[in-house]
Amino acid sequence: MKMVMAIIKPFKLDDVREALSEIGVQGITVTEVKGFGRQKGHTELYRGAEYVVDFLPKVKIEAVVADDLSEQVIEAISKAANTGKIGDGKIFVFNVEQAVRIRTGETGEEAL
């Protein structure tokens, strides 16, 4: 099993969710986060004063999927979240040793 974690722009969340549903991903976890990468934030004007916004709002999506589905998940997220502009985000993939569904006690891929 693999955990696919993606950090994307917030307005792309619905597109990514739909793309993942289409390929059969049954569950995801979404967290609102803040951060920056190469763009290093930006400056904004508020009541005539200029200030720097260091941490930009992002969305973190996590999905644990079977090994054979992980490449499709990565491709679906990449296509759905792409705007072609800086700050589109990143995708990380981790190995998952075990999964347990608490309600039924199912383990491994059956727990997904």
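The values are calculated or read from the model by the stated rules, or taken from the named source; none is laboratory data. Because the structure is predicted, anything quoted here is derived from the model rather than measured. Positions of Cβ are generated from backbone atoms using ideal geometry, with glycine treated the same way; all protein chains shown enter the neighbour counts. All accessible areas refer to the heavy atoms of the entire protein, side chains included, with ligands and DNA or RNA removed. Shrake-Rupley method; radii C 1.70, N 1.55, O 1.52, S 1.80 Å.
Quick notes on this structure:
- Residue within region 70-78 that is open to solvent by 50 Å² or more (accessible area, probe 1.4 Å) and among the hydroxyl-bearing types (Ser, Thr, Tyr) present: yes
- Scope region 18-37; condition out of contact with any strand residue (DSSP E or B) (no Cβ under 8 Å at 6 or more places or on another chain) and in contact (Cβ under 8 Å) with a residue 40 or more places away in the chain; matching residues: Glu18, Ala19, Glu22, Ile23, Gly24, Gln26
- Residues that are modelled with pLDDT of 75 or more and of a type in the set (Val, Ile, Thr) were ranked within region 40-61; the one that is nearest to Val4 (Cα to Cα) is Ile61.
- Residues (part of a strand (DSSP E or B), within 30 Å of Glu110 (Cβ to Cβ) and open to solvent by 40 Å² or more (accessible area, probe 1.4 Å)) located in region 8-41: Thr29, Val30, Thr31
- Sub-8 Å Cβ pairs linking a first residue in region 78-100 that is within 24 Å of Gly37 (Cβ to Cβ) to a second residue that is among the hydroxyl-bearing types (Ser, Thr, Tyr), at least 6 apart or interchain, are Ile91/Ser78; Val93/Ser70, ordered by first then second residue.
- When residues in region 83-95 are screened for being surrounded by 14 or more Cβ atoms within 10 Å (Cβ to Cβ) and assigned to a loop (DSSP other than H, G, I, E, B), 2 of them pass.
- Being modelled with pLDDT of 85 or more, over 24 Å from Pro10 (Cβ atoms), of a type in the set (S, T, N, Q) and not in a strand (DSSP E or B) is not true of Gln72.
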